[in-house]
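The values are calculated or read from the model by the stated rules, or taken from the named source; none is laboratory data. Keep in mind it's a predicted model, so treat the numbers as computed, not measured. Every residue, glycine as well, gets a Cβ built from its backbone with ideal geometry; the counts of neighbours run over all protein chains shown. Just the protein is used for accessible areas: all its heavy atoms, side chains included, with ligands, DNA and RNA removed. Shrake-Rupley method; radii C 1.70, N 1.55, O 1.52, S 1.80 Å.
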Amino acid sequence: MTHPPSIDDESLIAALRLSGGRDPVPAHVAAAAQAVFGLRLPEAVTARSTVTTAPAGIRSSDETRLLRFAAAELTVDLEVTSMDGLVDLAGQVSPPPEAGARVEVRTLHLTEARELSPTGQFAVTGLPPGWFSVVCHRPEHSSVATSWTRIRL
Amino acid sequence: MIIDAVAAAEHAVDLSSRAPTRALALARSVLRHVSVGDPHGEAAVIAYRALAVAARELGDLPLAEEHLRQAVSLAVSADLPHRAAQARLSLVHIRTELGHPQQALTIADAAEPHLTPVEVAKLGVHRAVALARLGRYAEAVGHCDRAVEALGDDVGFLAGAMLNRGLARVFLGEFEAAEADLTRCAELARGAGLDHVLTLAEGNLPFLAARRGDLPAAFTAYRRAESSLSGYPERLATMRCDLAEALIAAHLPGEARVLLDLAVPELAAAGANIALAEARLLLAQAELHTGDPHLARQSAERAAADLAAQGRTVLAPLAAEILLRARLMLGPPSGELLAELLLCVEALDAAGHRQVSRALRFAAAEVALQLGARPTADEQLAHLASSGPDVVTRQATALQRALAGDRRGAFAAVRAGLAEVGAGATAFEDPMLRAHAVRAGEPLARFGLALALKTGRGRTLLAWTERWRAVAGGPGRPVAPDVDELCAALGDAALVEFVRHADELVAVVVTRDRVALRRLCPFPAAAEATVRLRYGLRRAHLLDGRAPGLAGEAALLERLLFGSMRGRLGDRPLVIVPTGALHTLPWPILPMNAGRPVTVAAGAAAWLAGRRTRAVREGGVVAVAGPGLRCAEAEADMVGSCHPGAERVTAQRGEVLAALDRAGVVHLAAHGTFAPRSPLLSGIDLDDGPLMAYDLLRLRTPPSLVVLSACDTGMARAPADGAPLGLAGTFLSLGSQCVVASLVPVRDEETLTLMTVFHGLLATGHPPARALAMASGKTGVAGFVCFGYGDQPVATGREGSVTQLDQDPT
């Protein structure tokens with residue numbers, strides 16, 4: 001990008017009118033703000049990205065795309081693969097949470113919910129590349145959400 | 001002094017499109033030495049114009065406009081009408097790109113009276129851009145025609161005129177004339193050292209190629225253009241949009257989306273509103289085709305608003321089309337929606353988007369059928385069936401006949417359409433492009449499958465899925481194998497061919513005496529279970545201490561994929577023909593397959609073809625040890641000691657390729673890589689670089705058996721069923737009978753253990769599929785799969801092994 005787009009006079013005047021309460025906030029601005037606000041999970045514990053060690057002793061010179069997110073009592077491991085420009089996400093919550101736990105893979109525009117296997121595994125296929133977060137909802141404990149992460153192809 | 005400053009400023013203008021950064025420096029130094037209003041004002045006007053053109057080249061359209069406005073107002077206040085008109089001349093182009101093509105034409109009219117004849121010709125070149133953006137292509141060509149006559153030897157503008165005329169002609173569908181213009185533009189630019197114009201011309205040749213349907217040229221040149229345009233973000237973004245358009249045409253919307261996600265913010269930052277509107281239109285298409293109707297609707301709405309504001313009525317119906325298709329995906333159809341569809345069809349026709357309008361008309365007919373509006377459906381189908389001919393004509397004819405109860409006639413129309421698609425695709429030598437080119441026939445193939453499924457007959461479904469596989473990856477003709485030959489060839493084995501129809505997974509099970517159809521789980525469930533299983537297997541092999549429970553996942557997948565047919569299959573050897581994501585499943589890991597010979601084939605016909613090539617191959621065994629692995633040398637030595645007379649070949653690309661052309665069996669122990677975006681770039685590491693699937697396309701007589709003892713070498717991406725692309729698939733499509741390769745990362749030492757047992761069994765006459773099953777059972781090492789035809793024992797040089805070749809493998 002060469003430079004951030006500068007604000008022109010018309011936009012500046014519009015912004016002043018808005019902040020002075022003279023004009024209503026345009027519907028799409030409010031909707032976008034609400035959508036972003038709706039992505040918050042105030043009660044969830046955030047699992048933050050941690051480093052994974054590079055695998056050794058395998059017959060591949062490839063870097064696998066493994067991501068690990070850790071919270072105090074829970075780790076979420078993810079593997080990102082892509083096909084035809086879409087993303088497949090596979091992962092595991094460990095230790096496996098209690099029965100009835102489920103994960104949601106959230107992108108900015110859609111949310112896919114999956115039951116966890118007894119070993120804490122899940123997968124979602126065909127996601128668009130971009131921002132995502134995985135939330136693990138547990139019946140007896142607080143939810144754990146990974147920090148928002150961007151998948152690029 | 002005055003003369004000097006003016007001359008320096010003129011020189012900056014000359015430089016501005018060729019060497020924008022140098023032009024900026026020169027123009028700035030001119031401006032430092034003159035002040036506004038003094039007698040040097042004329043030089044300042046020219047210098048601002050130079051700054052503007054340079055800024056435009058560097059991708060800052062708003063800044064370019066600002067400089068030109070400054071130039072115009074200086075010129076007007078200094079009473080220099082000619083200089084003002086020159087600045088306006090440049091402004092025509094900038095206002096167009098900023099999204100005001102109509103206004104740009106008004107500016108051109110204001111400038112024209114004050115310009116010299118040559119400058120009027122230059123103005124014509126800029127007008128052509130505005131006219132083309134408004135969809136007035138014929139007028140654009142006219143302006144360029146007149147400009148070419150008047151421009152004389154101004155190579156820069158002559159090249160520009162050729163470029164703009166060529167592009168307008170692409171849109172008019174006059175491909176040959178367009179190619180001549182673009183080629184001439186490239187020649188002129190090359191001769192004059194106008195590298196930048198040269199890149200644009202060369203970048204537009206593939207745009208032309210893509211519009212014509214010639215994708216290989218499009219891909220190659222866009223990749224080249226990407227590097228040469230790295231300093232020009234806005235031009236690069238425009239180029240990415242062109243490539244994205246080609247990718248959408250090649251049915252690769254996901255890849256297109258990735259490029260557009262990069263291009264859209266760049267164009268927005270540059271203020272390139274005219275290109276931005278088109279980019280958003282393409283993005284909406286890509287989003288729609290990747291199953292994201294919500295986003296597609298948003299992007300299409302923004303594109304529609306931009307196009308309307310820019311007065312671009314020719315493109316507006318394309319945005320409307322996407323909006324309607326998004327609505328079709330998001331909710332149930334209604335009479336109101338049908339009416340809108342039909343209106344949009346008319347608008348598309350009127351604007352000259354014939355292909356899009358035909359496809360939408362077919363969609364409208366389908367909606368009419370859903371709503372029970374049979375007369376409307378009949379009318380639209382009759383319209384489509386009587387015009388063409390193209391894939392949509394065949395679709396419409398097939399649907400018409402099916403509605404009339406003429407299933408045989410419907411099948412005939414599908415077959416005829418598939419034959420046309422297949423014939424068109426055989427022009428591509430590159431298997432990847434061929435596989436993508438046939439995707440135009442996917443709607444027809446789907447229709448054929450749907451009709452076949454309705455019959456409930458396994459034989460019919462097998463025939464139709466095989467016809468499509470033959471078009472996509474085989475002979476290019478919709479031919480189905482002889483079922484009786486297949487049944488006889490299977491002997492005690494069973495073939496399970498998986499077929500995906502929309503979200504449903506179906507299997508055809510073929511045994512010696514029966515062809516049965518089985519409806520299985522929803523396809524996404526199988527795909528996700530496959531991803532989970534692969535994840536578990538990968539983690540187990542990477543030994544990161546958190547290997548999840550594989551057994552549960554494998555058992556679940558087995559239930560989903562084989563359910564009720566498990567009992568029927570007993571312990572027969574299996575031939576599996578996967579579909580979609582199932583191409584990435586390591587089949588032997590399913591519990592029912594423990595100890596069972598399993599072979600994975602691209603189709604029943606492909607398996608039969610592998611079986612037919614049972615002739616004894618001349619040439620012995622070759623082993624190669626790639627670099628950077630502890631156990632590779634030991635493994636190659638082991639292969640040598642298992643098969644007397646085996647040859648060791650150094651891990652050099654040339655030597656390995658030569659060995660692949662002369663040996664009967666080749667074992668490669670090395671690092672492997674799968675490239676999901678371009679599966680033919682998947683490779684095996686050798687000492688002097690990777691041996692890629694593309695390199696293999698040169699082989700004339702590939703080995704009968706190839707063992708790829710490396711990670712991920714069996715992985716494939718199948719853009720269309722029947723054409724799995726990757727290393728194993730490439731060997732098989734070239735004529736190898738069998739490939740043993742891995743679908744996951746494999747551990748160095750464990751692989752040596754597995755391969756030692758495997759080669760020992762091969763050497764004693766066991767065919768590869770059985771040897772692999774036994775070796776996996778004995779060592780507990782999973783991940784490898786036998787592809788192709790795995791029942792042929794191998795001539796390994798050991799006494800007695802050749803007599804094994806004469807045995808019937810069943």
Practice prompt. Kindly check whether there is at least one residue in segment B:526-533 that is free of Cβ contacts under 8 Å to residues at least 40 places away in the same chain and either in contact with a Gly (Cβ under 6 Å, 6 or more places away or on another chain) or closer than 23 Å to B:Leu772 by Cα (or both).
Written response: no
Discussion item. Here is a check on your reading of the model: is B:Gly689 of a type outside the set (A, V, I, L, M), within 13 Å of another protein chain (Cβ to nearest Cβ), without any contact (Cβ under 8 Å) to a residue 60 or more places away in the chain and open to solvent by 10 Å² or more (accessible area, probe 1.4 Å)?
Written reply: yes
Discussion item. Give me the helices (runs of 4 or more DSSP H) completely within segment B:463-571, filtered to those with at least 2 residues that are within 14 Å of chain A (Cβ to nearest Cβ), ordered by residue number.
Written reply: B:523-542, B:550-562
Worksheet item: Has segment B:555-573 got at least one residue that is out of contact with any Gly (no Cβ under 6 Å at 6 or more places or on another chain), aliphatic (A, V, I, L, M), under 19 Å from A:Ser82 (Cα atoms) and open to solvent by less than 40 Å² (accessible area, probe 1.4 Å)?
Response: no
Discussion item. Please determine whether any residue of segment B:356-364 is among the small types (Gly, Ala, Ser), closer than 20 Å to B:Arg302 by Cβ and assigned to a helix (DSSP H, G or I).
Written reply: no
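Yes/no matrix, rows are residues, columns are (1) open to solvent by 50 Å² or more (accessible area, probe 1.4 Å); (2) modelled with pLDDT under 90; (3) β-branched (Val, Ile, Thr):
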{"site": "B:Ala773", "(1), (2), (3)": "no, no, no"}
{"site": "B:Ala782", "(1), (2), (3)": "no, no, no"}
{"site": "B:Val785", "(1), (2), (3)": "no, no, yes"}
{"site": "B:Asp791", "(1), (2), (3)": "no, no, no"}
{"site": "B:Val794", "(1), (2), (3)": "no, yes, yes"}
{"site": "B:Glu799", "(1), (2), (3)": "yes, yes, no"}
{"site": "B:Gln807", "(1), (2), (3)": "yes, yes, no"}
{"site": "B:Thr810", "(1), (2), (3)": "yes, yes, yes"}
Response to the item:
With the first residue restricted to segment B:291-317 and required to be more than 11 Å from B:Gly135 (Cα to Cα) and in contact (Cβ under 8 Å) with a residue 12 or more places away in the chain, and the second required to be among the aliphatic types (A, V, I, L, M) and open to solvent by 60 Å² or more (accessible area, probe 1.4 Å), Cβ contacts under 7 Å at 6 or more apart or on different chains are B:Pro293/B:Met329; B:Pro293/B:Leu330
Item to complete: Return a yes/no flag: does segment B:694-707 have any residue that is within 13 Å of chain A (Cβ to nearest Cβ), touching a helix residue (DSSP H, G or I) at 6+ places or on another chain (Cβ under 8 Å) and farther than 18 Å from A:Asp88 by Cβ.
Response: yes
Worksheet item: What number goes with the only condition from (1) surrounded by fewer than 24 Cβ atoms within 10 Å (Cβ to Cβ); (2) out of contact with any Asp or Glu (no Cβ under 9 Å at 6 or more places or on another chain); (3) modelled with pLDDT under 90; (4) within 14 Å of chain A (Cβ to nearest Cβ) that B:Val264 does not pass?
Response: (3)
Response to the item:
Restricting attention to segment B:313-336, the residues that are hydrophobic (A, V, I, L, M, F, W, C), in contact with a helix residue (DSSP H, G or I) (Cβ under 6 Å, 6 or more places away or on another chain), open to solvent by less than 50 Å² (accessible area, probe 1.4 Å) and over 21 Å from B:Leu172 (Cα atoms) number exactly 5
Worksheet item: Is it fair to say B:Arg596 is open to solvent by less than 40 Å² (accessible area, probe 1.4 Å) and touching a strand residue (DSSP E or B) at 6+ places or on another chain (Cβ under 7 Å)?
Response: yes
Fill in: In segment B:96-125, the residues that are part of a helix (DSSP H, G or I) and open to solvent by 30 Å² or more (accessible area, probe 1.4 Å)
B:Gln102, B:Gln103, B:Thr106, B:Asp109, B:Ala110, B:Glu112, B:Pro113, B:His114, B:Pro117, B:Val118, B:Val120, B:Lys122
Item to complete: Would you mention how many residues in segment B:656-673 are open to solvent by 20 Å² or more (accessible area, probe 1.4 Å) and at the interface with chain A (Cβ under 10 Å from one of its Cβ atoms)?
Response: 2
Practice prompt. Could you please tell me which pairs satisfy a Cβ distance under 6 Å, a separation of 6+ or placement on different chains, a first residue in segment B:743-756 that is facing chain A (nearest Cβ under 7 Å), and a second residue that is assigned to a loop (DSSP other than H, G, I, E, B) and surrounded by fewer than 19 Cβ atoms within 10 Å (Cβ to Cβ)?
Written response: B:Arg747/A:Gly57; B:Asp748/A:Gly57; B:Asp748/B:Arg630
Worksheet item: Quick one: in segment B:50-73, which of the residues that are open to solvent by 30 Å² or more (accessible area, probe 1.4 Å), touching a Ser or Thr at 6+ places or on another chain (Cβ under 8 Å) and not in a loop (DSSP other than H, G, I, E, B) is nearest to the other protein chains (Cβ to nearest Cβ)?
Response: B:Pro62
Worksheet entry | Within segment B:633-645, tally of residues that are buried (at least 18 other Cβ atoms within 10 Å of the Cβ) and out of contact with any Ser or Thr (no Cβ under 8 Å at 6 or more places or on another chain) | 3
Item to complete: State whether the residues of segment B:425-438 include one that is under 11 Å from B:Ala472 (Cα atoms), open to solvent by 30 Å² or more (accessible area, probe 1.4 Å) and in a loop (DSSP other than H, G, I, E, B).
Response: yes
